[in-house]
1. Quick check on region 264-274. Is at least one of its residues among the polar types (S, T, N, Q) and out of contact with any helix residue (DSSP H, G or I) (no Cβ under 9 Å at 6 or more places or on another chain)?
2. Show the residue pairs that are 6+ apart or on different chains and have beta-carbon atoms under 7 Å apart, the first residue being within region 179-199 and farther than 28 Å from His247 by Cβ and in contact (Cβ under 8 Å) with a residue 60 or more places away in the chain, the second being buried (at least 22 other Cβ atoms within 10 Å of the Cβ) and small (Gly, Ala, Ser).
3. Can you find a residue that is of a type in the set (Ser, Thr, Tyr), surrounded by 15 or more Cβ atoms within 10 Å (Cβ to Cβ) and farther than 20 Å from Tyr264 by Cα anywhere in region 131-143?
4. Is one or more of the residues making up region 201-224 of a type in the set (A, V, I, L, M, F, W, C), under 21 Å from Arg117 (Cα atoms) and touching a Lys or Arg at 6+ places or on another chain (Cβ under 8 Å)?
5. Of all residues in region 158-199, count the ones that are closer than 22 Å to Gly114 by Cβ and among the polar types (S, T, N, Q).
6. Check Ala198, Ala222, Ala173, Ala148 and return the single one that is touching a helix residue (DSSP H, G or I) at 6+ places or on another chain (Cβ under 9 Å), under 27 Å from Glu283 (Cβ atoms), modelled with pLDDT under 95 and of a type outside the set (S, T, N, Q).
7. Please count how many residues of region 154-175 are surrounded by 15 or more Cβ atoms within 10 Å (Cβ to Cβ) and more than 23 Å from Ser270 (Cα to Cα).
8. Which one is nearest to Asp129 (Cα to Cα) among residues in region 152-191 that are among the polar types (S, T, N, Q) and over 21 Å from the mean Cα position of the chain (by Cα)?
Amino acid sequence: MAEPLVPEKPVAEPEAVRGTEPEPVPVAEPEPVPVAAPVAKRPRGRTALLVLAAAVLGVAGGTAVGYDVQAGRAPTPLPALSQPGLAYPAKALPPDKVPDPLPASQDRRVRTDGDLRKLVIGRPAGWSDDDSSLLDLSDGWVAPDVYARSSYEKEGSMYEYFLEYDIRRVAGAAWKRGQYRTAEIHLVQFGSGTVQGAQDFVEGQLAYMPGSEIGAGNVGDAIKGSGNGRYYLYEVDRKPGYLPSYHARATVYRGDIAADIHLYDTVPISKKDIRTLAERQLERL
């Protein structure tokens, strides 16, 4: 007969299995980190103000010291002017009496730019000064308004033109030979601005000559060596009761100076006469 089954003896469980927890392993706690003490914030702008105040005081102090040092020194003489003997009017004029432009005798640039009268050609042999000229050329100068009034029919417009184009001064000479032949030479100088006054003046006169009723009625002849000047013979002017009037003219410019030359006579004037004067004058410019 078979033996009854006997249950096996239970196996003992380990302590951990029985529900007993292992003892915890001690863990080292982290050391506390020292906290920095709070720092009070510096007010903004205080340093900048201090630096600025120091700079201002330094500049002011340096200026004061400089003035004090300079005040203790002997005066230093100024250097001599590079243009000695400048000319000034003998007596100041009221504002409403000051001429425009100034007369040549009061033009300070006469000394710095040279004497324009010295550029006028000398009186040819056989000629003498013409004291009967409408222009007062006793000192070699002609006032611009007098030049416009005595040399042009539309004197007011011509004077305005001269002022607009910055006329500076006019030098000239008047001669006579025999009973009726006379000559007038004018050198008209303009300012050296943006407008080419001398060139515009001569070109305007050249354009006026051929088409004018009182002009030469032709294109004239070129003045040798100028490139811009010409000379003309006018048609004879006859009036009842008067001697015939012959007129020749030459005009040319160089730089800021325009030369205007006239010959008058009661007998015909040759081209050679006016050409010779024009070429001689051009050589002086």
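1. Scanning region 264-274, I find at least one residue that is among the polar types (S, T, N, Q) and out of contact with any helix residue (DSSP H, G or I) (no Cβ under 9 Å at 6 or more places or on another chain), so the answer is yes.
2. Short answer, once both residue conditions are applied: Gly191/Gly197.
3. Within region 131-143, not a single residue is of a type in the set (Ser, Thr, Tyr), surrounded by 15 or more Cβ atoms within 10 Å (Cβ to Cβ) and farther than 20 Å from Tyr264 by Cα.
4. No, the conditions are met nowhere in region 201-224.
5. Residues that pass the stated criteria total 4.
6. Of Ala198, Ala222, Ala173, Ala148, the one residue that is touching a helix residue (DSSP H, G or I) at 6+ places or on another chain (Cβ under 9 Å), under 27 Å from Glu283 (Cβ atoms), modelled with pLDDT under 95 and of a type outside the set (S, T, N, Q) is Ala173.
7. 12
8. Thr182
The values are calculated or read from the model by the stated rules, or taken from the named source; none is laboratory data. Note that the structure is predicted; figures quoted are calculated from it, not measured. Methodologically, a virtual Cβ is constructed for each residue, glycine included, from the backbone with ideal geometry; neighbour enumeration extends over all protein chains shown.
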